[in-house]
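Notes follow the structure.
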There are 2 protein chains.
Amino acid sequence: MARSSTRPTSRDVAHAAGVSQAAVSLVLGDKWRGRVSEPTAERVRQAARDLGYRPNLAARNLRLGRTRTVLLVVPALTTEFFAGVYTGAARVAAEHGFGVVLYPSPEGIGPARDPFASAQAALDGVIASSMAADALTDIRGDQLPLVMLDSDPAGSLGAATVNLDIADGVRQVTEHLLGLGHRRVLHLAADVPSWTFDIRARELAARMAAVPGTEVRTARAPISIDGARTATEAALTAPGPRPTAIVCDDDKLAAGAYKALRRLGLRIPDDISVTGLDDLALATAIDPELTTVRLDAELFGEHGMRALLAVLEGHSPDNGDIPVQLVVRGSTAPPPTP
Amino acid sequence: MARSSTRPTSRDVAHAAGVSQAAVSLVLGDKWRGRVSEPTAERVRQAARDLGYRPNLAARNLRLGRTRTVLLVVPALTTEFFAGVYTGAARVAAEHGFGVVLYPSPEGIGPARDPFASAQAALDGVIASSMAADALTDIRGDQLPLVMLDSDPAGSLGAATVNLDIADGVRQVTEHLLGLGHRRVLHLAADVPSWTFDIRARELAARMAAVPGTEVRTARAPISIDGARTATEAALTAPGPRPTAIVCDDDKLAAGAYKALRRLGLRIPDDISVTGLDDLALATAIDPELTTVRLDAELFGEHGMRALLAVLEGHSPDNGDIPVQLVVRGSTAPPPTP
DNA sequence: GCCTCCAAGTGTTACGTATAACTTCCCTCC
DNA sequence: GGAGGGAAGTTATACGTAACACTTGGAGGC
């Protein structure tokens, strides 16, 4: 049969179909109406099929000077949420003929390796989570179009930002707890420097401060179940009146709080209420099911991709935070009557 | 806002350093010892730094005819486990100057879109989970080197396979339960056609059949907490003697079983024991903590990558299943005395 | 003084593709 | 019967890089 070992090129297809390489490019690129006759086009397509021809992407990318490929930089840890982000981004990308390549910034210690060295695909642009901020310096070095997810609009050096309306989520949580009668709250905060966590603390403090006689204490923990358990135990065994509710920066922290409370013999929600943020699968796996804020990860990814496409086309993306929704489940109730 | 309209090329660097493009290529490619003097080399490096030069990967890939990039095809659903697989594979890849690109096969209905169209990077090889098997036909069409993860060695059409020793994990679970005195077991099976699940059923049945007076019933559920809850409730309210233990195909199914048992008013492990498989974060978030089989996802990824590198170099990879380890926690105990 | 050898480069080419510019042939219209 | 025009292609080129083959200017050997 044909020459083996090496992949067939468009020239091989051309030879097999008895036409020039240019004709093959026209036909397979779907730009042949009025330039190549239908029978000839069919002959080319048949030859391509017979040879199992696949265009060489490196060559195409070089020729076109663009790759229709975009990099999504995400933290390696919180995988469930960012799987949703990827799904949404990839869907929108596919609609526009783009591909998405993931760069999970390694969760080990130390700064992320250069994402461009690691994700060796040639790229048109980058979407980056602010939680993978250690990779950011590398990225800014390049002049690649960049969209930041959940990043401080003021501190993003001119990059476009797409944000979930976390502040509103925290507002909903706070109103919910205040409405139930809670006044002493423990804030179980993620021990990760990131704007998206800063904003939680700020909003919670502001909302609570607006009501007289309230108090917010803060405990910091790494984002892991064990870390959260330890921090919660320490906070609750400290002197002073016990909080009647724990507001957690995310669902994983809430799962850790559950374990601490169980150890301390406190019942949820009778003795103490707990809230999360994310609405992961975890939230309905634990008992009682967690009152939390649902973040629509896929919608987040879709908006991120759309923003990047806008930047690539020279428009400025339309901002506007993505709404989030409180989901009330069994982990919150009025505080115990003393 | 110096919109440098085009990215600098190696020719620009050459011009800035007063040398030829070839010299730039030699210096930056680290192949210059004895070919370029040290002062000149330093001038080139400085010019590259000044201009912010980054080699065009499309051009390099085209020239070299290889990309040092590998595709990892994973199912979009079970993200935590495959995050670990990615981490391990990426670590080994980096040691050999390779990059890894993820293709999470879309979890929607219908066959996966062509991964090569979607992950538009040019590729040297592919590692694919058998759980993303719907993408497999596309892959086999190409002649790309392929390594399958957790796939039937006999049915993989000659592709190399790397497998966890799931059979041994199930054996350990079964011995554990038999040792505690359990004789009637419910197998909560994943309703997903995949060799890795088939093997669980086969091994469980074989081990139980070796002991007289035992019985295995099977319930099938999609891999979701709600699906597992429904299936478990149905199985436990069916007529006949109630099983004293539930063996789940993975941890997520076990979480669903927990919810069903709580609804039915059955205590774990006093009334009924439960086991999982994976050892996700979920396993220690639920109460009581889950007895399960720890799969070392990172080690799995490392072995997969090593196997692919071997194939790329023309060797045949050394097979041998990856060991797994039973982790006994609070969800298993002797059956209740009647 | 001539040959050889080596260091330190330069000139050139090919990788596979997409497309602008050109050619050829044939048909139509005045 | 010549001008014009469209259909159906082909030829030629550039994208940015890596590497082979070649040049040049001395230093050293005999």
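The values are calculated or read from the model by the stated rules, or taken from the named source; none is laboratory data. Predicted, not measured: the structure shown is a model, and the values here were computed from it. In this analysis, Cβ positions are derived from the backbone assuming ideal geometry, glycine residues included, and neighbour counts consider all displayed protein chains. Heads up: the accessible areas ignore ligands, DNA and RNA and are worked out on the full protein's heavy atoms, side chains in. Shrake-Rupley method; radii C 1.70, N 1.55, O 1.52, S 1.80 Å.
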Note to self: If I model a spin label as a point 7 Å beyond the Cα along the Cα-Cβ vector, how far apart are those points for B:Arg91 and A:Arg91 in nm?
What the structure shows: 3.5
Notebook entry, point to check: Anyone know which of B:Ile199, B:Ile127, B:Ile286 comes out most mobile in the 10 Å Cα GNM of chain B?
Noted result: B:Ile286
Next item on the list: Quick one: which residues, 5+ away or cross-chain, put their amide H under 5 Å from the amide H of B:Ser105? H built at 1.01 Å from N.
Entry: B:Val74, B:Ala76
Next item on the list: At a temperature of 25 °C and a viscosity of 0.890 mPa s, determine how fast the protein assembly as shown diffuses translationally according to Stokes-Einstein, using the Kirkwood radius over alpha-carbon pairs as Rh; express D in µm²/s, rounded to the nearest whole number.
Entry: 89
Notebook entry, point to check: Taking only C-alpha pairs under 8 Å that are 6+ residues apart, what is the relative contact order of segment B:166-296 in percent?
Noted result: 24
Margin query: Taking the full set of protein chains and a 1.4 angstrom probe, give the accessible area of B:Trp195 in square angstrom, rounded to the nearest 10.
Written below: 50
Next item on the list: Enumerate the amide H contacts of A:Val293 below 5 Å, restricted to partners 5 or more residues apart or on another chain; note that Pro and chain-start residues carry no placed amide H.
Entry: A:Gly276, A:Leu277, A:Asp278, A:Asp279, A:Val327
Next item on the list: Please report the relative contact order for segment A:10-55, taking Cα pairs under 8 Å with a sequence separation of at least 6, and give it as a percent rounded to a whole number.
Entry: 43
Check: At what distance in nm do the modelled label points of B:Ala206 and A:Asp198 sit from each other, each positioned 7 Å from its Cα along Cα→Cβ?
Finding: 5.8
Next item on the list: May I ask you to report, in nm to one decimal and beginning with the shortest, the distances from B:Pro241 to the same position in the other copies, taking label points 7 Å along Cα-to-Cβ?
Entry: 5.8
Next item on the list: Output, in nm with one decimal and in ascending order, the distances from the B:Leu264 label point to the matching label points of the other copies (7 Å from Cα along Cα-to-Cβ).
Entry: 3.5
Next item on the list: Among DSSP beta bridges whose residues both lie in the protein assembly as shown, state the antiparallel percentage, nearest 5.
Entry: 10
Notebook entry, point to check: How large is ³J(HN,Hα), in whole Hz, for each residue of segment A:289-305 in order, when computed from phi with the Karplus curve 6.51 cos²θ - 1.76 cosθ + 1.60 and θ = phi - 60°, using x for Gly and Pro?
Noted result: 4, 8, 6, 8, 9, 7, 9, 7, 4, 5, 4, 4, x, 4, 5, x, 5
Notebook entry, point to check: In nm, to one decimal, how far is the B:Ala234 label point from the A:Arg329 one, both placed 7 Å along Cα→Cβ?
Noted result: 2.3
Item checked: For segment B:82-95, 3J(HN,Hα) per residue [Karplus equation, 6.51 cos²θ - 1.76 cosθ + 1.60, θ = phi - 60°, Hz, x = Gly/Pro] -> 6, 4, x, 4, 4, 4, x, 5, 5, 5, 4, 4, 4, 4
Note to self: Taking every DSSP beta bridge with both residues inside chain B, roughly what % is antiparallel (nearest 5)?
What the structure shows: 10
Next item on the list: Find the relative contact order for chain B and round it to a whole percent, using C-alpha pairs within less than 8 Å whose residues are 6+ positions apart.
Entry: 17
Note to self: Please check: in the Gaussian network model of chain A (C-alpha springs, under 10 Å), which one of A:Leu123, A:Leu186, A:Leu26 has the largest mean-square fluctuation.
What the structure shows: A:Leu26
Next item on the list: Any chance you could give the angle, 0 to 90 degrees and rounded to 10, that helix B:251-263 forms with the longest Cα principal axis of chain B?
Entry: 30
Margin query: Amide H of B:Leu188 versus every other amide H placed in the peptide plane: which residues, excluding those fewer than 5 positions away on the same chain, fall under 5 Å?
Written below: B:Ala219, B:Val247, B:Cys248, B:Asp249
Checklist line | Principal axis dimensions, largest first and in whole angstrom, of chain A by Cα | finding: 91, 39, 37
Margin query: Going 7 Å from Cα along the Cα-Cβ axis for the label, what nanometre distances separate B:Glu95 from the same residue across the other copies?
Written below: 4.3
Next item on the list: Figure the gain on full extension for A:Glu289 and A:Arg263 (residue separation times 0.36 nm, minus the Cα-Cα span) and round it to one decimal in nm.
Entry: 7.5 nm
Note to self: Using the Karplus curve 6.51 cos²θ - 1.76 cosθ + 1.60 with θ = phi - 60°, what ³J(HN,Hα) values do you get for each residue of segment A:220-236, in whole Hz, with x for Gly and Pro?
What the structure shows: 10, 8, x, 7, 8, 4, 5, x, 5, 4, 4, 5, 5, 4, 4, 5, 7
Notebook entry, point to check: GNM, chain A, Cα, under 10 Å: largest mean-square fluctuation among A:Gly34, A:Gly227, A:Gly301?
Noted result: A:Gly34
Next item on the list: Considering only protein heavy atoms, with the full assembly of protein chains and a 1.4 angstrom probe, order A:Glu302, B:Glu42 by accessible area, largest first.
Entry: B:Glu42, A:Glu302
Note to self: For chain A, take the longest principal axis of its alpha carbons; what is the angle in degrees between that and the long axis of helix A:166-180, to the nearest 10 within 0 to 90?
What the structure shows: 30
Notebook entry, point to check: Pairs of lysine in the protein assembly as shown with Cα under 25 Å and at least 8 positions apart or on different chains: total?
Noted result: 4
Checklist line | Averaged over B:58-64, number of beta-carbon atoms from partner chains that fall within 10 Å | finding: 6
Notebook entry, point to check: Across peptide A:254-262, what mean number of C-beta atoms from other chains lies inside 10 Å of a residue's C-beta?
Noted result: 2
Notebook entry, point to check: So how much accessible surface do A and B hide from each other in total, probe 1.4 Å, in square angstrom to the nearest 100?
Noted result: 3800
